[in-house]
Amino acid sequence: MVRVRLEGVSKKYGSFLAVDKSSFEVDDKEFFIILGPSGCGKSTTLNIIAGLEEPAEGKIYFDEQVVNDIPPEKRDIAMVFQSFALYPNLSVNENIAFPLKIRKRPKEEVRRKVQEAAEKLRIAHLLPKRPYQLSGGERQRVALARAIVREPKLFLLDEPLSNIDAKLRVHMRAELIALQKDLKITTIYVTHDQVEAMTMADRVLVMNQGKIAQMGKPLDVFRKPANLFVAGFIGTPPMNFFPCTMKTSGGKTVLGDTYFSVTLDPARARTVSEKAPNSELVLGVRPQHLSISTSKMDGDSFAAEIFAVEPLGTETIVDIKLGDNVYKAVTSANFSSAIREKVWVQIDPNGMQIFDKKTEMAVA
Amino acid sequence: MVRKSVLGAFVVLIAIWSLTPIYTIVNISLMRMDNVVHIPGYIVPKDPTFNQYFRLFGSDIKTGGVEVGAAEQQFRKFGQYQGLTRGLINILIIAPVVMIITMLAAVPAGYALGRFRIKYRNAYLGILLGSRAIPPVSVVIPYYFLFKSVNLLGNPISLIIADLSITIPIITWILTGFFGSLPRDLEKAARVDGATMSQAFRYAVLPFALPGLGATAVLAFLYPWNEFLNAWLLTGGSVSGQVYNSFMTSFFAMQAVDNLFASAVVIQIIPALVVAAILQRYITRLKIVDPSAVVMT
Amino acid sequence: MNLTEQKIAFVLVVPLIAVAFFVNGYPIVQSFWLSLTDTNLSDLAHYNFVGADNYVNGLNDFFFQRSAIVSIRFVAETTAMVAVASIAIALVLNEKFRGSGLLKVIVIVPWAISEYAVGILGGFFLNANFGLWNGVLTNLGLIKGNTNWLTAQMALDWVAIFYTWNIAPLMSFFILTSLQTVPEDLYKMSRVDGASPFRRFRYVTFPFIRYALLIVLVLTTMAAGSATVIMYSMTLGGPGGATQTATYYSFVQFLQKRQLGYGAALSWYIFIFLIATTMLYFYLLTRRRK
Ligand SMILES: Nc1ncnc2c1ncn2[C@@H]1O[C@H](COP(=O)(O)OP(=O)(O)O)[C@@H](O)[C@H]1O
Ligand SMILES: [Mg+2]
């Protein structure tokens, strides 16, 4: 229904820069997620798009139109908040009808649309109730019904699933995606939960301290994190970071330090020496790409000590100690070993990410 | 932008609304009578002088060449001006006494009611609140009757008792809500560490409560300072026992000098201005008489 | 809680409550007893039991009837003005702006001034010869020559305005406390919905300040219904009884006419009126719609 574009948008609270020169574009009908830790400026960005806050600088476009000076109620948007924000002394029916009534739509149309929205979210039986009589999940549906009833051209959702219990949340994720695909309304969704971002988004924008850290399809961001922040923020358990340097001897290039070393293929080695010559590096490896064995393996494997074991049922997370650092590896559920036992660790060459320690940017 | 200027307009309006009546009396108190009655009136004091404030307390300092009039000389001769001074001294003794007794009684009771699950707690609170529901008019007549029958009229003790009958319930009520709202974990930790109840109070509650207690004490001072009805009925007839408020009213009923009266009232409201500045930060936290403040959760 | 704590708490609380009980119970009982007698201030030792005579006389007393009407008008005017003023002040104080701390101090000042002094302030402000109000209106060219504002028609309104000036600050802080519980999200929601300022107040703000407003109404009614001192210091109940409220009249009975019993009976009528009004508020504000 609408394309949203931000150009160099900044927001200051006093001298604190909450959003720092943010530029990005959300495609028509896209499910776009803004992801980041709490306090990184996600809500502020969303509020600026809604027109609830004025940016200190920069422009906001809806399609080709600059909307900076258009008040929120004229932007044809609908919002859903973490706290649901239902009018406490209006019934569910009146709450959903509120945005239509304010726009003075005919009575019959209001009744019909409220009914449709309520049926879509399966809350028709709740219409006469008041918000305080509803459970968290029901309130959430009412808030969604109120958002869709007006058929806006843009949905803005600010952590809408954070206040409902874990089981319902999983269910609501799927329902929200289905709803969005069905209505085909451009959606910007804010969350601090990376699982939500990975499972729901067409594209995700990762924010850190007011700045855009990376933007792209969820799997691309997962596979090719652009910097150490994104690498560490996305994925559970989080990515392991091995501080290391690159050495070449006898035509063979290895990454390593006192406790470990892995061979780099020549192409990659060349990229690294071009992009970060003589730099200290960080090798990032997801726990899924570390394998552990009690006997020495073929290829580059190195010795470590078991520090802790967390059996999760479907898999087991093993903490291993290498020097003073502890790393996590995901193993099969039947892996068993004793704490302080010596093990052999191997890094999957396809799971290696190399970062420049100083700039924190991905190198290869 | 529109919003900002509307807000600004309201801010100015509220400030004017709050301060104008005070300004008007200060204005009058600083002018000679001929300037006070000048038409059109002076909105800013003309030839400002503090002379009235000195005259109030019997000083003969004269400025602007205005002699003390014949009536005022008569009044001085009969010691009326000393009466105003004595009234001020009396209230400056009575108000702190009321404040101290109130705090001694109300702090332990408010602490116990605010933090412990005492039996019949709600009944106690009901009695405290109920004492605020009776209009003062229903209370002062019986008190007048009582103190007259035991011959305590004109004695400061009667005024102190009457004031305490109001301040103790109110202050206990406020403190109940206040102590109830202070964090409890540290006190629990202190008890677990083996502190006695009074040690826990001293080290884990008092440090957080002190500013609020100070603000409450200020309230307990302000009440007798401002109180008029009891002061007038119970000490009104007495020369030595009268307090400032009650003496002022009879004095200026006979000696209607407006600028002098105005300065007498300014002296009465100065402490109020100081109190307002002190209390501002605590007034939302103390919930002065808000019944919901003490309802146990 | 263990037994010792319970005991200590008991020792701290019970004596005080007992005192509060008697200190407030005594006047109730005493004033009820007085109201059934013809006790006169000049001779407290001799009196007769007269039953309900004082109450019957009160109903037939033209001056009491007139004062009751004055009281009702005063309570109605004051309560309406306090409600509006305290909400308006609280809404402004709830905004973030530079100098809001200073404005809070300024706002609370009138509350700290005694009712007696407020009446004097009002009298000076409106003084027909040299009051600032006349000065300002003359300077603005709105009136020609000084005007007497404290006439039989207007005096009560002006007393009500100054009484409002005195008590609205505290009430506005009650409202302010409750305003701070309005969820930010709900307020944003209503802006996205495009609700007018009036609707925003009605559906977002009001539900959260409703209870505080109830308390404000009750407290204001209690206070205004028993206000006496301000009429004494501002207008002496005049002109011609125009500001003589029921409480004021009962004081006149008891201090000037020295009729303690009759005065006490009248004060019971006032007490009953105040309780009834308070209950009405509770009913109106707590009942569910429909
Ligand atoms: N009204 C405000 N005044 C001052 N600072 C604010 C305000 N709103 C947000 N901030 C600050 O701006 C930063 C970003 O806030 P926000 O956008 O709400 O973060 P989040 O990503 O958790 O939604 C936070 O550090 C927050 O403290
Ligand atoms: Mg947020």
In whole Hz, the Karplus estimates of ³J(HN,Hα) for the stretch A:137-142 (6.51, -1.76, 1.60; θ = phi - 60°; x where Gly or Pro) are x, 5, 4, 4, 5, 5
Kirkwood-based Rg/Rh on the Cα set of chain C evaluates to 1.05
Calc'd 3J(HN,Hα), the stretch B:226-233, phi into Karplus 6.51 cos²θ - 1.76 cosθ + 1.60 (θ = phi - 60°), Hz, glycine/Pro = x, comes to 8, 4, 10, 4, 4, 4, 6, 6
Rounded to the nearest whole number, the per residue volume of the convex hull around the C-alpha atoms of chain A in Å³ is 173
Charge tally for neighbours of A:Leu154 with beta carbon under 9 Å away, counting Lys, Arg as +1 and Asp, Glu as -1, is +1
Simple SL model, points at 7 angstrom along Cα→Cβ for A:Lys247 and A:Thr271; separation in nm is 2.4
Answer in debye to the nearest 20: the dipole magnitude of the stretch A:100-147 about its Cα centre, from +1 Lys/Arg and -1 Asp/Glu charges placed on Cβ, is 240
Computed about the Cα centre, the charge dipole of the protein assembly as shown from +1 Lys/Arg and -1 Asp/Glu charges at the Cβ has a magnitude in debye, to the nearest 20, of 1200
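With a Förster radius of 35 Å, plug the Cβ-Cβ distance of A:Lys29 and A:Ser162 into 1/(1 + (r/R0)^6) and report the FRET value to the nearest 0.05.
On the way: r = 25 Å, r/R0 = 0.71.
For A:Lys29 and A:Ser162, the calculated efficiency is 0.90.
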Within the stretch A:149-170, the residues whose backbone N lies under 20 Å from a label point placed 7 Å from the Cα of B:Asp185 along the Cα-to-Cβ direction are none
Of A:Glu108, A:Glu280, A:Glu25, the most mobile residue in a GNM of chain A (C-alpha springs, cutoff 10 Å) is A:Glu108
If each part is reduced to its alpha-carbon centroid, the stretch C:176-224 and the stretch B:10-34 end up apart, in Å, by 32
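Near C:Thr164, within a Cβ-to-Cβ distance under 15 Å, what is the net charge of the other residues, with Lys and Arg +1 and Asp and Glu -1?
Every neighbour counted, the sum reads -2.
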Each label sits 7 Å from Cα toward the beta-carbon; between B:Leu152 and A:Glu7 the label points are separated, in nm, by 8.3
Mean other chain Cβ within 10 Å across C:254-261 is 2
Scalar couplings 3J(HN,Hα) for the stretch A:153-162 by Karplus 6.51 cos²θ - 1.76 cosθ + 1.60 (θ = phi - 60°), nearest whole Hz, x for Gly and Pro, are 8, 8, 9, 10, 10, 10, 6, x, 9, 6
C:Arg66 and A:Lys224 label points (each 7 Å along its Cα→Cβ direction) are spaced in nm at 9.5
For the protein assembly as shown, the Cα gyration tensor yields equivalent-ellipsoid semi-axes (√(5λ), largest first, whole Å) of 71, 33, 30
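Quick note: the coordinates plus some simple rules give every number you see, no bench work behind them. Keep in mind that what you see is a predicted model, and the values were worked out from it rather than measured. Backbone-built Cβ (ideal geometry, glycine too); neighbour counts: all protein chains shown.
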